[in-house]
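Reading through the structure tokens given below for one structure.
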Amino acid sequence: MRDLVYYVALSIDGLLAGPQDELDFYRGSPEYQEWMVAEYADALPTAPRRQLGCDHEPLRRFDTVVMGRRTYDPALVEGITSPYAHLRQYVVSRTLESPDPAVTVVADDPLATVRALKAEDSELDIYLAGGGQLAGVLLDEIDRLVVKRYPVVAGAGRPAFGSSFSPTQFDLDDVRTFPGGNAVLSYHRLR
């Protein structure tokens, strides 16, 4: 069985984005940016992969991405209907109609969809791109967390796991730090 990996950027106070989905307060050093490209190029949208010249590299970590509507919408607003064209794409939304044949819209039961994806025979994992409400719904299925911690306090905004109280234990596997204050914490779920 393959893993569902929540690869997520968070402020020091645990927020994904500002109250209006702002992300422009996240910054990272060149060393941090290089690490993300070297280690998690699969998690980059297709356009940045092309710009960085890694679009022809084989997939190493993920072959599928699952995201909520809020995560998908910024690309859609820009006219990009298939933001992760190098991956199989699933968007969880009750209101979105299929914008692209390469995108599967999950209108009901994201848990069943993720469980079916995890049961597939594949060497590669599933990238949970967000958002926080979806991560809260899928919390019981998240096997690993890769938390990209940015050295900023947002103060208010979108939480990483929705708003339900649901203590869930993970064990810390690795911490990487970078000039400028970025840190990446890797966890696995305690079962």
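Residues are listed down the side, and each one gets a yes or a no for (1) in contact with a strand residue (DSSP E or B) (Cβ under 7 Å, 6 or more places away or on another chain); (2) of a type in the set (Lys, Arg); (3) free of Cβ contacts under 8 Å to residues at least 60 places away in the same chain:
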| residue | (1), (2), (3) |
| --- | --- |
| 106 | yes, no, yes |
| 118 | yes, yes, no |
| 126 | yes, no, no |
| 145 | yes, no, no |
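Within region 18-36, work out how many residues are outside any helix (DSSP H, G or I) and either under 17 Å from residue 182 (Cβ atoms) or in contact with a helix residue (DSSP H, G or I) (Cβ under 8 Å, 6 or more places away or on another chain) (or both).
Of the residues in region 18-36, the ones outside any helix (DSSP H, G or I) are 18-29.
If we keep only those that are either under 17 Å from residue 182 (Cβ atoms) or in contact with a helix residue (DSSP H, G or I) (Cβ under 8 Å, 6 or more places away or on another chain) (or both) as well, we get 21, 23-29.
Count: 8.
Applying the selection to region 4-37, what residues are in contact (Cβ under 8 Å) with a residue 40 or more places away in the chain and of a type in the set (S, T, N, Q)?
First pass over region 4-37, keeping only residues in contact (Cβ under 8 Å) with a residue 40 or more places away in the chain: 4-19, 21-22, 25-29, 31-32, 35-36.
Answer for region 4-37, where residues must be in contact (Cβ under 8 Å) with a residue 40 or more places away in the chain and of a type in the set (S, T, N, Q): 11, 29.
Looking at (1) surrounded by 15 or more Cβ atoms within 10 Å (Cβ to Cβ); (2) more than 22 Å from residue 114 (Cβ to Cβ); (3) β-branched (Val, Ile, Thr), which is the only condition residue 5 fails?
It fails just one condition, (2).
Would you check if residue 140 is at negative phi, part of a helix (DSSP H, G or I) and surrounded by fewer than 15 Cβ atoms within 10 Å (Cβ to Cβ)?
Working: at negative phi: yes; part of a helix (DSSP H, G or I): yes; surrounded by fewer than 15 Cβ atoms within 10 Å (Cβ to Cβ): yes.
The answer is yes for residue 140.
Run down 147, 184 and say which single residue is at pLDDT 95 or above and touching a Lys or Arg at 6+ places or on another chain (Cβ under 6 Å). Reasoning before the result, please.
Details: 147 fails: touching a Lys or Arg at 6+ places or on another chain (Cβ under 6 Å).
From the options 147, 184, the qualifying one is 184.
Restricting attention to region 37-59, does a residue exist that is outside any helix (DSSP H, G or I) and β-branched (Val, Ile, Thr)?
First, pick out the residues of region 37-59 that are outside any helix (DSSP H, G or I): 44-45, 53-59.
Now drop any that are not β-branched (Val, Ile, Thr), which leaves none.
The answer is no, given that none of the residues of region 37-59 is outside any helix (DSSP H, G or I) and β-branched (Val, Ile, Thr).
Residues of region 60-102 being in a helix (DSSP H, G or I) and either touching a residue at least 24 places away in the same chain (Cβ under 8 Å) or crowded, with 21+ Cβ neighbours inside 10 Å (or both), which ones? Before you say what the answer is, go through the steps one by one.
The first filter runs over region 60-102 and keeps only residues in a helix (DSSP H, G or I), leaving 69-77.
Passing the criteria: 69, 70, 71, 72, 74, 75.
Of a type in the set (Ser, Thr, Tyr), surrounded by 15 or more Cβ atoms within 10 Å (Cβ to Cβ) and in a helix (DSSP H, G or I) - does that describe any residue in region 107-127?
Yes, that holds for at least one residue.
The values are calculated or read from the model by the stated rules, or taken from the named source; none is laboratory data. Keep in mind that what you see is a predicted model, and the values were worked out from it rather than measured. Glycine gets a Cβ as well: all are built from the backbone with ideal geometry, and neighbour counts include every protein chain shown.
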